[in-house]
Each structure stands twice: as structure tokens, then as C-alpha cells.
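Structure record follows, encoded as C-alpha cells.
Computed from the coordinates by the stated procedures, all read-outs in this text should not be read as laboratory data. None of these values were measured; they are calculated from a predicted model. Using ideal geometry, Cβ is built from the backbone for each residue, glycine included, and neighbour counts are taken over all protein chains shown.
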Amino acid sequence: MSGLRFSSPAKAISIASIAGLILLCAACGSSNNNSSISNAQAQAISQEFVAAVQAAMTSSFAGAAASSSSAHESLSKTIREARPETSWSCVGSLDGESCNFPVAYTGPCPSGGTIGVSGDFTVNLNSFGDGSSSDSLTLTASNCVVSNLTINGDPNIALSTTLSFTNNALDFPVTMTEKGGVSYGPHPSGSCIVNVSLTLEQTSCSVSGSVCGQPVSGSC
């Protein structure tokens, strides 16, 4: 391959500079500009997602409406009180029973918009009340305003968890994972990835992971 020839050193430098600028700007139009969101905003988004999950569980277990912005019970306490024989719709069989726990919740965000959690858990229990369930709920933000950002699902967040029961009582710890994407705006604006884990013990709940490239942690 023959080498390129330039009529003058200045022209060679100019062409090299242009090529460098092209490379630097190759990602300028990317929508995954994770650094646009501050850590405080990422924490606020994570907290709102946890509050929505807690409110959804409270609403479904108790059969009463609950607001994600006003829920005061801890998520671990809400989950701890789940008992299939009293809260779930169960159908008996020769070996035990199959129980279904539907989740259908939509509540307001702090400054406007809504956030919803939907899906169901299905667990097969033997005659001793032992069993497990691996299911996924869908968490969807719709013009949800949090920390001066309007959040929407991109398309949504999958909340995956495995529940196991012994003698109809929930076993701990329980681990939930939130994975998916959101879009946000107007200033800054873009889309990004959510990857958060919730670990629930008998009397505590902790959050770890990342939202839009920012580390998040805390209690739930």
C-alpha cells in the first residue's frame, strides 16, 4: 500500500486534526450518556422504584390501596407478612396446593406522573406448606417526575425474585433484582441501564447496584 503524500506539513496536521475530531465526536449523539445524571438523582430514582415495589406488595397483600410516596412500612416487613394460606388464591391438589399472588399497582410519583408494578407469583406447595416460586414482575414508569427528571420506561424494569416457603412461612433472605432501562429528561435527557439488587432479611433490607452508571446503595 502506497503512503499518502501531503503538499505541506501544515496540510497534514490539518487533516490529522479533523480525523481526530471525528473520532472524538463519534459518540456525541449516543443516548446512553450515563454521566448526565448525578449520583443524587440516581439514588432518588432507585428509592422511588423500591417505594413502588413496597407499595405494590402492601396493596396486594392487604387488599388496600397504598401510595409509593407515603408508604412507611419497610419492604422486608411487608414481604415477611406474606402467607400463602391467607393472602393468596390457592387451589388444592393431591400433593398439596398451587397458589397465585397477583400484583397490580399504579401509584403517583412525588412530583407528577405514575409508576406501576404488575405481574404475579405462582408457587406450588406440598402438603407441609413447603415450596418455591421464581417469577418476574414488571415495573413501569410513566412520566414519573423524580429529582427534577421525568422518567419513562425504556421499555421497563423487570423485577425478578425467588420466593421459598417452609410450613407456609417465607424463607429469608429474599433477593430481588431490578434490570432494564429508563429514559429521562428534559435536562439532561437520554436513556440508560438500571441494574439493582435488593436483599431482604427478616428485619432489614439493603439496596446495591447502579442506575445510569451511578452507584446506588441504602436501605429499603
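The share of alpha-carbon pairs in segment 102-171 lying farther apart than 15 Å comes to 61%.
Average projection, convex hull of the Cα set of segment 169-215: 4.1 square nanometres.
Sort largest first and round to whole Å: the equivalent ellipsoid semi-axes of segment 113-220, each the square root of five times a Cα gyration tensor eigenvalue.
Numbers: eigenvalues 197, 45, 20 Å².
One finds semi-axes of 31, 15, 10 Å for segment 113-220.
The order of the peptides 143-153, 117-127 by mean Cβ neighbours within 10 Å, most packed first, is 143-153, 117-127.
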